[in-house]
1. Would you point out which residue out of Lys33, Lys52 is open to solvent by 70 Å² or more (accessible area, probe 1.4 Å), of a type outside the set (Val, Ile, Thr) and either modelled with pLDDT of 85 or more or within 12 Å of the chain's Cα centre (by Cα) (or both)?
2. Take Gly107 and tell me if it is over 13 Å from Tyr76 (Cβ atoms), of a type in the set (Gly, Ala, Ser) and either without any contact (Cβ under 8 Å) to a residue 12 or more places away in the chain or open to solvent by less than 40 Å² (accessible area, probe 1.4 Å) (or both).
3. Tell me the residue from Ile41, Ile7 that is among the aliphatic types (A, V, I, L, M), modelled with pLDDT of 90 or more, surrounded by 14 or more Cβ atoms within 10 Å (Cβ to Cβ) and over 24 Å from Asn121 (Cβ atoms), please.
4. Across the stretch 107-125, what is the number of residues that are part of a strand (DSSP E or B) and not hydrophobic (A, V, I, L, M, F, W, C)?
5. Would you tally the residues in the stretch 1-55 being under 18 Å from Tyr76 (Cα atoms) and among the acidic types (Asp, Glu)?
6. Taking the stretch 133-190, which residues are of a type in the set (Val, Ile, Thr), surrounded by 15 or more Cβ atoms within 10 Å (Cβ to Cβ) and farther than 24 Å from Gly107 by Cβ?
Amino acid sequence: TLGILPINSVYNENTPVISKDGKEFHYNISGEKESDDIYMIRRDYHAWNVRKSVKSLNTDKNESLNSFSNDEKTAYLSGNFYNDSLQGDIFFSRFDKEWGKPVRIAGINTNYVDIQPYVFNDEVMFFTSNRPGGFGGLDLYVSEFVEGEWATPVNLGTAINTDGNEQSAFLDWDGETLYFASDGHYGCSQID
């Protein structure tokens, strides 16, 4: 079990991502500063340490760590890491003693909002975008990793996307059940 995490504060904590071994917990804090920043807590033995800012991934703009590769050496992020990325783009960062400079993922980003990448099994990326051709405000898209590159993203269609906002996709460990947030689907629903 995770035990009690010392993360809650008067600010907004969101976007939790835990390592496979359950010893590292990454999340965002909104409102402590003027921008959203990424923090991490590490567990040693049975106690959680004090939270630390992941300084190599934080800027004076908004950013979030959304998922890891299977070996946890690559983090998938969204944010405004460069001045030409005001809407939000999707990036990756590699770990070598610390997280390296985020790199924009080719073939995924547009001049619109592209955020919240969730990568499943190093093969499939789900993300949120308001690019043209969608069904509402924010839609969910998917891209497959083929021959070393992310393929052209595909909208998940009207079974998932509505004229409202769909975001924060998570594919369950079974690889068959997709969870997501929506203000266009009313009540509790599960998509298999």
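1. Step by step, each of Lys33, Lys52 is checked, and only Lys52 is open to solvent by 70 Å² or more (accessible area, probe 1.4 Å), of a type outside the set (Val, Ile, Thr) and either modelled with pLDDT of 85 or more or within 12 Å of the chain's Cα centre (by Cα) (or both).
2. Judged against the criteria, Gly107 is not a match.
3. Details: Ile7 fails: modelled with pLDDT of 90 or more.
Exactly one residue qualifies, and that residue is Ile41.
4. To start, the set of residues in the stretch 107-125 that are part of a strand (DSSP E or B) comprises 114-120, 124-125.
Add one more test, that the residue is not hydrophobic (A, V, I, L, M, F, W, C), and what stays is 114, 116-118.
Qualifying residue count, the stretch 107-125: 4.
5. 3
6. Thr162
The values are calculated or read from the model by the stated rules, or taken from the named source; none is laboratory data. None of the values given here were measured: they were computed from a predicted structure. Every residue, glycine as well, gets a Cβ built from its backbone with ideal geometry; the counts of neighbours run over all protein chains shown. These accessible areas exclude ligands, DNA and RNA; they are computed on the full protein's heavy atoms, side chains included. Shrake-Rupley method; radii C 1.70, N 1.55, O 1.52, S 1.80 Å.
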